[in-house]
Every structure is written in structure tokens, then in C-alpha cells.
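The values are calculated or read from the model by the stated rules, or taken from the named source; none is laboratory data. Since this is a predicted model, take the numbers as computed values, not measurements. Because the Cβ atoms are built from the backbone with ideal geometry, glycine has one as well, and the counts that use them run over all protein chains shown. To get the accessible areas, we keep the full protein, side chains included, count just its heavy atoms, and leave off ligands, DNA and RNA. Shrake-Rupley method; radii C 1.70, N 1.55, O 1.52, S 1.80 Å.
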Amino acid sequence: MTDPVLTVENLNIHFHGSARTTHAVRGVSFTLGHEKLGIVGESGSGKSQTGRAIMRLSPPSARITADALRFGRTNLLAASEKQMRAIRGSEIAMILQDPKFSLNPLMTVGKQIAEAYRTHHRVSKAEAKERALAMLESVHIRDPKRVYDILPHEVSGGMGQRIMIAMMLIPEPKLIIADEPTSALDVTVRRQVLSVLDELVDRTGASLIFISHDLNLVADFCDRVLVMYAGRVMEDLPARDLGRANHPYTRALLESLPRLDQPRAELPVIRRDDTWRTGALA
Amino acid sequence: MTAIPATLGPRTPAEARMQQLRITVSKLRRNGSAMLGLILLVIIFGAAIFAPWLSTHDIYAQDLTNRLARPSAANWLGTDELGRDIYSRLLHGGRITLYIACLTAVISAPIGLVVGMVSGWFGGWVDVVLMRVTEIFLAFPSLILALAFVAALGPSIENAIIAISLATWPPIARLARAETMMVRRSDYIAAVRLQGASAWRIMVGHIAPMCVPSVIARVTLNMASIILSAAGLGFLGLGAQPPSPEWGAMLSSARQFILSNGHVAAAPGIAILITSIAFNLVGDGLRDVLDPRHD
Amino acid sequence: MRDTVLEAVDLTISFNDGAVTAVKGAKFRIERGESYGLIGESGCGKSTILRAVAGLNTDYDGSILFEGRELPERRRKEHFRAMQMVFQDPYGSLHPRKMVQAVLAEPVRLMGLGDEQRRIDEVLRNVGLGPEFRFRYPHELSGGQRQRIAIARALIVEPKVLLLDEPTSALDVSVQAEILNLLTRLRRELGLTYLMVSHDIAVIAHMCDRVAIMQHGRILEEITAPDVRAGRVAEDYTREFLAASAPAITA
């Protein structure tokens with residue numbers, strides 16, 4: 001068996017607020033191979049903080065501890081800020097919810113993609129432009145030459161997110177962390193963006209961590225799913241088995257969704273069990 | 001989540017307000033520089049209020065045999081060119097300076113708030129007219145504007161207050177306008193509109209509570225420049241008149257001895273400096289604590 | 001016999017002096033006690049219709065009829081009282097500096113209803129919160145609790161129609177279930193009529209009897225909830241929309 005791409009053992013994140021300390025992530029462990037891993041949970045479940053901790057992009061008030069946080073052979077906890085800068089972007093890329101906040105509003109999208117490539121590869125400007133155009137084409141942008149020269153505010157949400165994907169994937173990272181990449185998009189556009197992401201991940205052989213609140217989306221898109229609640233992993237199971245999940249929280253979460261195929265007068269409401277917070281994990 | 005169990009919550013409106021106040025105060029207390037400013041302000045206001053009891057000499061009593069004396073046991077900060085005790089005059093001068101500053105704030109803040117809110121809420125030609133007027137006032141340096149006004153009405157403390165107010169309200173109006181334009185688009189204002197509230201009621205009851213905190217913070221920051229303007233007018237002989245111990249006037253009469261007897265000018269100068277800094281520190285702290293966007 | 005509460009006839013809404021037409025000739029008719037859904041993607045004009053019906057934007061062509069009478073440009077208090085709105089974002093729809101008591105007292109005073117305290121306690125109980133929530137500020141409440149307060153604010157004037165603008169899209173799934181259940185119960189108990197806007201077809205199918213699918217400012221077709229579930233639709237766009245929203249998890 002090959003080395004895992006990412007190893008997380010007993011990850012804990014505390015936030016030191018002015019009044020009290022919050023334990024946001026509590027003993028999360030998982031290993032990631034060459035696969036698409038979904039992390040689902042509701043707000044406050046710690047799913048996004050887990051993703052940020054891997055990138056070492058947690059807010060300053062966070063204290064991160066773990067028995068292991070390894071990316072390949074690199075110990076991410078012990079890596080210097082300089083090492084992390086080299087890793088971010090070229091080895092691990094992050095795609096966030098809203099491309100509007102992630103793209104530089106004053107630079108044409110093509111230039112930004114070419115720059116992203118040039119930061120990690122020593123090539124000429126002309127070659128970087130070639131690569132950027134090819135990349136725009138591979139995220140199914142119809143007229144890459146035109147799109148290359150437009151500014152971020154001129155693109156729609158779906159195209160913006162495809163541009164983000166192009167920019168993040170052009171240095172060919174080994175791991176991509178996508179934090180709610182499609183929640184700001186309309187349903188019909190969502191599909192398109194996901195299939196682009198799927199295609200590129202498959203082609204480059206990268207691993208993917210897909211963070212979302214949407215169970216259906218994760219079930220559809222990922223190979224494996226971690227269900228998080230109150231900072232802990234409730235269940236770790238293959239995505240296709242999500243419909244047969246064991247944990248009462250996962251079951252309740254699925255049940256509480258309105259469904260087109262099963263009309264119901266009333267939606268079951270989650271009865272939260274304190275042992276999910278404190279009890280031993282399955 | 002900040003949600004707390006209902007059983008622990010306040011049981012009366014007064015209790016709820018007290019709880020909010022406590023949170024605000026505790027936020028302010030953690031802000032070191034704001035606390036330093038606040039302590040300084042308490043000392044300065046205390047000194048001004050209790051000036052008659054704290055002073056050691058009659059502030060108008062001249063003693064030409066003891067003029068321009070250095071600090072000593074008898075005259076703690078020395079005496080001025082007419083032999084008057086500088087320490088006592090400084091205390092009484094603080095009353096005048098703070099009186100001018102506070103009255104100016106009380107006059108200019110409501111004017112600025114009303115103009116800004118009306119302009120921001122109604123928009124259209126109302127906004128255009130009010131903002132052009134505001135800009136005319138903004139176009140003149142505040143001291144020049146005050147100078148022109150005092151020159152027309154004659155020098156006195158009251159005219160100085162009106163003159164400085166004239167130069168102080170426009171930035172407040174701009175601030176209130178920006179705040180109003182942001183708030184008026186929000187859903188909670190839409191909700192009151194759907195309850196049939198009049199424009200007046202929405203402005204007073206729903207928009208003003210959002211604007212007032214930032215206006216208070218802004219006015220506190222402005223206090224420093226108001227004090228400087230007041231001192232400037234006094235210095236130029238257009239504010240408080242001699243023998244009044246207003247700080248600017250004191251500085252002005254001391255300037256001819258600034259090279260030979262520096263302490264005479266230093267005392268009011270340092271007083272102006274410290275008071276301005278104190279207001280600035282508190283204003284900065286208030287802005288951080290009261291700004292609803294920081295909640 | 002039909003008892004139409006709300007009707008839109010050739011409703012056209014433009015912005016920027018006609019430069020942008022957000023809604024083109026929309027037409028629908030809502031019966032008393034019915035729940036009617038408007039669905040579409042962002043920018044399709046569904047929320048614009050809702051705001052026009054509510055009276056937040058009266059600059060439209062065509063007409064909106066309430067109980068058979070055309071609504072005037074300047075709405076009167078009784079119009080506002082009859083139709084209330086619940087907004088999408090519970091974090092933006094409550095005044096950050098007003099406690100629940102003040103939020104709920106304001107409409108009672110504005111409408112001159114009287115009996116303030118009894119109404120407040122009753123409406124709080126109705127939305128599943130106790131009277132102990134009266135003295136809370138919005139920042140002390142969770143998203144779900146805020147949305148309950150927003151619903152209470154709409155209900156306290158005893159409206160006939162509730163206009164729901166994506167009332168659960170900013171909430172977690174488990175909280176969404178609670179709020180949807182609450183809305184279902186309130187409609188049944190208080191005999192309300194709903195006009196609900198959403199981009200989530202599963203939520204709309206759960207809540208509404210009939211749905212209008214919108215695209216680019218036009219209503220493409222009107223279908224019943226059972227037809228949505230069965231996929232009996234006429235337009236290609238509707239089919240595509242349904243396919244994109246189909247659940248992936250089968251138990």
C-alpha cells in the first residue's frame with residue numbers, strides 16, 4: 001500500500017475568546033488516499049476549521065494540536081511559515097465558496113491564472129499565458145481568449161468558480177480542499193462546476209477534500225464521507241452507503257430533508273443526543 | 001452559537017439593557033488606550049469642575065513684582081507676565097475650554113445627524129441639495145470659516161461656539177448619511193415599512209439607533225479638533241477675551257516670552273495637548289466598542 | 001366556488017427607468033388557504049414579484065389584486081396588515097439594537113391594535129418560543145430562533161397572507177425542518193395563505209400546492225406539487241431544473 005496523501009490524527013482546535021475558550025474541533029482523525037473525501041456537517045460542526053487547519057490558515061486565536069498532521073512526508077504542524085507558503089498553492093490548493101472574494105478585482109482573470117502558474121514554475125510569460133489559456137479551455141470556458149482579458153466582476157458566479165478552479169489547479173497540486181465551492185451557485189450551474197472539478201481531479205490524479213453542508217451533493221460527488229457534529233467525526237463511510245448510514249445523527253440529518261420522492265406531512269426533527277458530543281466513538 | 005438557555009436570560013427589559021451595558025463596558029475596559037484616555041478625561045473634568053477649590057490663587061490678582069516667576073512652592077507652575085498664578089489660571093481655563101468643546105458637540109452632533117439621516121433616507125433632490133450645502137461648508141478650512149464668522153459677529157465665547165459648530169457638523173452629516181444609506185436597504189427596515197411606519201418614525205425609531213453610536217464616537221474624536229479650534233480662536237484674540245484664562249488666550253499672551261520664559265507658554269500648551277489626546281483615545285475606543293459592525 | 005385572495009395580472013417590473021426588466025407579464029392567482037410557490041434561479045425575478053406584492057416596490061405595470069380589489073400605489077395600513085413578509089436572512093431582518101419585545105411591540109402600536117402584551121406572549125408561544133425570549137437581543141439568539149422571531153413579527157398583526165422569501169435557505173438542514181414544520185402548522189391552525197419563494201424545489205414541493213417555475217423574468221409554467229414529484233412537466237428548463245435537484249441518496 002502506498003503512503004497516504006494526508007494523515008490527521010487526533011486533531012484538536014481551541015479558540016481562545018475573550019470570555020471563554022471554545023473547543024471547535026475535538027479529536028478528528030482520518031487518512032486520505034487518492035480519493036474524493038467529503039466532510040459534511042452543519043454550521044459549527046468544525047468542518048471548515050478542519051480544512052483550514054490543514055492549510056495552516058486558522059485564525060490567530062486558534063490553538064491547534066494533533067498527534068499527527070502529515071501531508072505526505074511533511075509534518076504540517078512543525079513546518080515553518082516559509083515552508084507552508086511553498087506548500088500552499090503548489091502542493092495544497094483551496095477553493096472557497098465565493099470566487100468574488102478570492103479573485104483580485106483589479107487584474108484580468110487570465111493574468112491571475114498565468115501568475116498562479118508562474119509563482120510555482122519558472123517559465124516565460126508567453127508560456128504561462130499558453131498554459132492559462134489551455135487551463136481555461138479545460139474548465140469548459142467557451143472562448144478562452146476573450147475570457148483571458150476580462151476582469152472578475154464581469155463574470156457570472158458559475159464562470160467565476162470555474163476560473164477559480166482553473167487558477168487553483170494550474171500548479172497541479174496534490175491535494176485540493178474545496179470549502180462549499182458550489183453553495184453560492186444555482187442548482188443547474190452547480191452541476192456544471194462540479195463536473196469540471198471532477199474531470200480535473202481525475203485527470204491530474206489529485207486528492208480532494210470536499211467540505212459541504214449538502215448531504216446529497218457529497219453523496220453524489222465523493223467516494224467517502226466524514227459526517228461531523230460538534231467538532232467530532234460521527235461516522236466515516238463510503239458515499240454510496242450514505243443512504244444506509246448507521247449513526248443516528250446521520251440518519252436524522254437525512255430524514256430532516258424534504259424529498260421530492262417521498263411526500264410527508266411533517267419533517268422529522270433531529271433530537272440531539274448528548275452522547276454524540278461526549279460519548280465514545282464507534 | 002451565542003444562544004443561551006432561556007432560563008438564564010434577563011426577566012425584565014431593564015435587566016436586559018443592564019446586561020448589554022455591562023458587555024459594552026467590559027469591552028471598553030479591555031481596551032487599554034481607551035481606559036487611559038478615560039482616566040485622563042476624568043482627571044481633566046474633575047480639575048475643571050473643582051477649580052475653585054483646587055486653585056491656590058485668585059486668577060485675576062496681579063503681582064507685578066513677581067512676574068514671569070519660575071515654578072516654586074508658592075506658584076506651582078510659576079506666574080505669567082502680570083504675575084498671575086499659572087496653575088490656578090490653568091484650572092479655570094479648563095472650564096472655559098471644556099465648556100466650549102462640550103457645547104459645540106451638543107450643537108453640532110444633532111444638526112449633523114438630522115441632516116445626514118434626512119439626506120440618506122430621502123435621496124433624490126433632497127440629498128443633492130443637502131449634500132451640496134454640506135460640501136460648501138466642508139470646502140472651507142474649519143478655522144477660516146470660524147474666523148470669518150467671529151469677525152462678522154464680534155469676538156466672544158458664545159460666537160466662538162457657534163462658529164466652531166458651523167465647521168463641525170458637516171463631517172457628522174456625511175457619516176450619518178453613509179450609515180443611513182446602508183441601513184435603509186436592510187430587511188429590518190423593510191419589515192417596519194411593511195408595518196406602515198412613516199418615514200419620520202423609521203428615522204427616529206429605527207435608523208437613529210444605528211447612527212447614534214458612530215456619531216458619538218466621531219464627535220468624541222472631533223473634540224480634539226474642537227479644542228484646537230477654540231484655542232486657535234483664543235490665540236488669535238477672537239474667542240475668549242483677556243483677562244479670561246482660556247488656554248488659547250493664555251498661550252497667545254505667553255508667546256512673546258516663549259524664548260526667555262518657556263514655562264509660561266508650556267503650561268497651556270501641554271494642557272491642550274493632553275486633553276486632545278485623551279479625547280482621541282476615548283473616541284478610538286468608543287468606535288471599536290459601539291460600532292454595530294463589530295458585534 | 002373559487003375564493004381568490006391574491007392575483008397578479010400582467011405584472012411587469014423594470015428597474016433603472018426601464019433599462020432592466022426583471023419581471024415580464026407575470027400572471028398568477030392564489031386561492032384562500034392555498035400555498036403557492038415561485039421557484040427559479042437567482043435573478044429570475046421571483047423575489048422581485050414578492051417585494052412588489054408586499055408593497056416594498058410599488059413601481060410596476062399591470063396590477064396586483066387583493067381579495068378582488070386592485071392594490072393602490074400608496075398602500076394603506078389595512079393592506080400592510082393583510083400581507084406580511086418573512087425575509088431570507090434571519091441575521092439581517094432583525095434590528096441589531098432592539099430586543100424581541102420592542103420588535104414585536106412596534107407593529108402592534110403602528111397598526112393601533114392594542115392589547116400589546118397579550119399579543120406578544122401569544123405570538124411567541126405560537127412560534128414555539130416562550131415569553132422569556134421577550135428581553136433578548138438578536139445577537140443572543142441562534143439562526144432558527146431569529147427566524148421564529150421574524151415569523152412572529154409577521155404574525156402579530158394577524159395577516160391573511162404570508163409572503164415567504166426563501167425563509168430557510170440561510171439555515172442548517174435540521175433547523176430548516178423545524179421552521180418548515182412551524183410554517184406548516186401555522187398555516188393549518190391560522191388558516192393562512194402562503195406565497196413562497198425558493199430556489200429549492202424539494203422545499204417548495206413539500207410546502208406548496210402549486211408552483212410557478214420562473215426563468216428570465218417570465219413564468220414558464222404552473223404545475224401542481226404531485227406533478228413536480230412525478231416529473232410531469234412541459235418545459236425543458238423545468239425538467240433540467242428537476243434533474244439538477246434530484247436527491248442522490250436513496251435509503
Checklist line | Residues of the range B:137-159 that turn out to be surrounded by 18 or more Cβ atoms within 10 Å (Cβ to Cβ) and among the charged types (D, E, K, R), as a count | finding: 0
Next item on the list: Could you figure out which of (1) assigned to a helix (DSSP H, G or I); (2) surrounded by 19 or more Cβ atoms within 10 Å (Cβ to Cβ); (3) aliphatic (A, V, I, L, M) isn't true of residue B:240?
Entry: (1)
Notebook entry, point to check: How many residues are open to solvent by 30 Å² or more (accessible area, probe 1.4 Å) and in contact (Cβ under 8 Å) with a residue 40 or more places away in the chain when one looks only at the range C:122-143?
Noted result: 3
Notebook entry, point to check: Taking the range B:48-80, which residues are hydroxyl-bearing (Ser, Thr, Tyr), touching a residue at least 40 places away in the same chain (Cβ under 8 Å) and over 28 Å from residue B:99 (Cα atoms)?
Noted result: none
Note to self: Take residue C:96 and tell me if it is out of contact with any Gly (no Cβ under 6 Å at 6 or more places or on another chain), part of a loop (DSSP other than H, G, I, E, B), within 11 Å of another protein chain (Cβ to nearest Cβ) and modelled with pLDDT under 95.
What the structure shows: yes
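Evaluate the range C:231-244: report whether one residue or more is closer than 30 Å to residue B:16 by Cα, more than 10 Å from every other protein chain (Cβ to nearest Cβ) and open to solvent by 10 Å² or more (accessible area, probe 1.4 Å). Give the steps one after another, and end with the answer.
Applying the first criterion (closer than 30 Å to residue B:16 by Cα) to the range C:231-244 yields none.
Looking through the range C:231-244, none of the residues is closer than 30 Å to residue B:16 by Cα, more than 10 Å from every other protein chain (Cβ to nearest Cβ) and open to solvent by 10 Å² or more (accessible area, probe 1.4 Å).
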Notebook entry, point to check: What are the pairs, 6+ residues apart or on separate chains, where a residue within the range A:82-101 that is more than 16 Å from residue A:58 (Cβ to Cβ) and in contact (Cβ under 8 Å) with a residue 24 or more places away in the chain has its Cβ under 9 Å from a residue that is in a strand (DSSP E or B) and open to solvent by 20 Å² or more (accessible area, probe 1.4 Å)?
Noted result: A:91/A:74
Check: When the residues of the range C:172-188 are filtered to those that are touching a residue at least 24 places away in the same chain (Cβ under 8 Å) and among the charged types (D, E, K, R), which remaining residue is farthest from residue A:43 (Cα to Cα)?
Finding: C:187
Next item on the list: Return a yes/no flag: does the range B:216-224 have any residue that is within 24 Å of residue C:91 (Cβ to Cβ), assigned to a helix (DSSP H, G or I) and in contact with a helix residue (DSSP H, G or I) (Cβ under 9 Å, 6 or more places away or on another chain).
Entry: yes
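Out of curiosity, is residue B:269 in a loop (DSSP other than H, G, I, E, B) and away from chain C (no Cβ under 14 Å)?
Considered against the rule, which asks whether it is in a loop (DSSP other than H, G, I, E, B) and away from chain C (no Cβ under 14 Å), residue B:269 comes out as no.
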Next item on the list: Would you confirm whether any residue within the range C:131-144 is more than 8 Å from chain B (Cβ to nearest Cβ), within 28 Å of residue B:290 (Cα to Cα) and among the small types (Gly, Ala, Ser)?
Entry: yes
Notebook entry, point to check: Counting only residues that are open to solvent by less than 10 Å² (accessible area, probe 1.4 Å) and assigned to a loop (DSSP other than H, G, I, E, B), which one in the range C:160-185 is nearest to the other protein chains (Cβ to nearest Cβ)?
Noted result: C:168
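Rundown of residues vs (1) under 30 Å from residue C:20 (Cα atoms); (2) more than 8 Å from chain B (Cβ to nearest Cβ), yes/no style:
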residue: C:61; (1), (2): yes, yes
residue: C:70; (1), (2): yes, yes
residue: C:106; (1), (2): no, no
residue: C:124; (1), (2): no, yes
Checklist line | Positions within the range B:182-195 being within 9 Å of another protein chain (Cβ to nearest Cβ) and open to solvent by 20 Å² or more (accessible area, probe 1.4 Å), in sequence order | finding: B:186, B:187, B:188, B:193
Notebook entry, point to check: So residue C:204 clears everything in (1) in contact (Cβ under 8 Å) with a residue 60 or more places away in the chain; (2) among the β-branched types (Val, Ile, Thr); (3) touching a helix residue (DSSP H, G or I) at 6+ places or on another chain (Cβ under 7 Å) except one condition, right? Which one?
Noted result: (3)
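Looking at the range A:124-142, which of the residues that are charged (D, E, K, R) and closer than 21 Å to residue A:197 by Cβ is most open to solvent (accessible area, probe 1.4 Å)?
Initial filter on the range A:124-142 (charged (D, E, K, R)): A:125, A:127, A:129-131, A:137, A:142.
Still in the running and closer than 21 Å to residue A:197 by Cβ: A:131, A:137, A:142.
On the way: A:131: 90, A:137: 118, A:142: 232 Å².
This residue is A:142.
Considering C:188, C:119, C:148, C:153, which residue is part of a helix (DSSP H, G or I), at pLDDT 90 or above and surrounded by fewer than 17 Cβ atoms within 10 Å (Cβ to Cβ)? Please lay out each step first, then the result.
Details: C:119 fails: surrounded by fewer than 17 Cβ atoms within 10 Å (Cβ to Cβ); C:148 fails: surrounded by fewer than 17 Cβ atoms within 10 Å (Cβ to Cβ); C:153 fails: surrounded by fewer than 17 Cβ atoms within 10 Å (Cβ to Cβ).
The match here is C:188.
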